[in-house]
Each structure stands twice: as C-alpha cells, then as structure tokens.
Amino acid sequence: MDKKIELVKRLKNCGYMRTKKVEKGFLEVDRAIFIPDNLKHFAYHDYPLEIGFGQTISAPHMVVIMCELLELEKGQKVLEIGAGSGYHAAMIANIVGKNGGVYTVENIPALAEIAAENIKMAGYGDRVHVIVGDGSLGYEEKGPYDAILVTCAAPQLPDPLKEQLNTKGNIVIPIGSLYLQTLYRFKKSGENWKREVHGDVVFVPMRGKFGFHLS
C-alpha cells in the first residue's frame with residue numbers, strides 16, 4: 001500500500017483527520033518537496049524531520065491536527081508564524097483555495113527563501129506570501145486575518161496576534177516552556193475569547209519581541 005494512503009488511514013483511525021478538506025490537502029500536497037534530499041524517503045513516516053538551521057518540519061499528524069483546529073474555509077486569509085520549509089503553508093493554501101491567501105512569516109532569511117521555492121514548486125506560489133521578519137509581531141500590513149497558526153513555541157499568546165485576528169476566528173498556538181508546551185486554540189467571537197486545551201506538544205522556540213530571548 002502507498003505510504004501516504006496508509007498514513008491517511010492511520011490518521012483517520014486515530015481521530016486526527018476528521019474532514020474531507022484536510023484529507024484532500026494532505027493527499028494533494030507532496031510533503032517530500034519540503035524535506036531535504038537525504039530525508040525524502042521519510043516523507044510519510046509520522047515524525048518530525050530536520051530541515052536545517054536548527055528547525056524541523058512537523059510530524060504529519062501534528063500538521064493535520066492544527067489544520068483541523070483552524071477550521072479553515074475557502075476564501076479565507078490566514079497568517080502563519082514560522083514558515084519552516086513551507087509545508088504547512090502549502091497545506092493551508094490548498095484548503096483555502098485560489099480565492100484565499102496565506103501570509104507566512106519566517107525570521108531566518110535563508111529558510112524563508114527555501115520555503116518560497118518549495119511552495120512555488122508545489123504549485124501554491126500564487127496564494128502564499130513568505131515574509132522575513134519577527135513573527136511574534138504578526139504581519140499587521142495584511143491583517144486582519146480569518147485564522148492564525150503559530151508553528152513555534154511561545155511563552156504566551158502575543159498581543160499583536162490577538163489584535164490581528166478578525167472579529168471571528170481561531171488562533172492555534174503552542175504555549176509553554178522551551179522544552180514542553182500545551183497546544184491551545186483561542187476562539188474569538190466579537191469581544192469574547194474561549195481557550196481550549198489540545199494536549200502536550202514540543203516545538204522549536206519562537207524568537208523575537210514576544211518570543212523566548214535566547215543568547
């Protein structure tokens with residue numbers, strides 16, 4: 001059986017993959033494009049992989065979980081903090097469609113360049129915009145956003161991200177220490193916020209003004 005199809009079955013059996021739109025995105029976006037050549041044969045093994053610069057591409061199940069929690073719809077504008085190699089942004093782009101858009105902020109210039117090339121190769125260069133900058137500040141220029149995804153560990157929910165979310169939408173973010181975090185979904189409806197807990201996770205640290213200040 002094809003490794004991708006086999007993994008889809010496992011993700012559905014575990015309850016991680018719940019919607020057709022996330023399944024479609026997972027099947028149509030080739031994870032191997034976003035992985036270094038020497039690791040491409042691990043593309044559909046369910047664990048994170050090194051992508052250089054001290055960064056990783058998340059395990060497939062985590063990408064699926066976060067996409068499901070965002071509750072994405074066609075035509076939405078989404079902000080991602082931490083482009084990595086571009087895989088998660090491409091998945092989101094597939095789900096929001098050609099009338100949607102993704103702005104992904106990466107603080108490592110060389111990695112941002114790789115992400116942009118990978119996203120273009122995967123066929124989503126028309127709707128994913130890679131920005132080099134301090135992701136903890138969000139990207140106010142194109143806000144507000146219908147959903148915000150954070151793919152790095154934060155010590156708390158940065159205020160700029162709260163301010164850049166639309167009047168209704170979700171922020172999915174890992175918050176905690178450098179070594180262990182909790183995955184949260186913050187649901188906004190008007191002036192009201194609801195916080196949900198979605199398990200323990202481990203992500204690389206967020207840098208910048210509202211991130212971890214590491215030497």
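The values are calculated or read from the model by the stated rules, or taken from the named source; none is laboratory data. These figures come from a predicted structure and were not determined experimentally. Virtual Cβ from ideal backbone geometry, glycine too; neighbours counted across all protein chains shown.
Overview of values
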quantity	calculated
Some residue of the stretch 117-136 being of a type in the set (D, E, K, R), under 18 Å from Gln76 (Cβ atoms) and in contact (Cβ under 8 Å) with a residue 40 or more places away in the chain	no
Candidate set from the stretch 15-30 (those that are more than 15 Å from the chain's Cα centre (by Cα) and not in a helix (DSSP H, G or I)); member that is surrounded by the fewest Cβ atoms within 10 Å (Cβ to Cβ)	Gly15
Contacts under 6 angstrom Cβ, first residue in the stretch 176-202 being at pLDDT 95 or above, partner among the small types (Gly, Ala, Ser), 6 or more apart	Gln181/Ala153; Thr182/Gly176; Leu183/Gly199; Lys188/Gly169
Scan of the stretch 145-159 for residues that are touching a residue at least 40 places away in the same chain (Cβ under 8 Å), in a loop (DSSP other than H, G, I, E, B) and surrounded by 14 or more Cβ atoms within 10 Å (Cβ to Cβ), ordered by number	Thr151, Cys152, Pro155, Pro158
Given (1) touching a residue at least 12 places away in the same chain (Cβ under 8 Å); (2) outside any helix (DSSP H, G or I); (3) surrounded by fewer than 24 Cβ atoms within 10 Å (Cβ to Cβ), index of the condition Lys162 fails	(2)
Residue that is farthest from Ile5 (Cα to Cα), among those in the stretch 31-43 that are buried (at least 18 other Cβ atoms within 10 Å of the Cβ) and either among the hydroxyl-bearing types (Ser, Thr, Tyr) or out of contact with any strand residue (DSSP E or B) (no Cβ under 7 Å at 6 or more places or on another chain) (or both)	Ile33
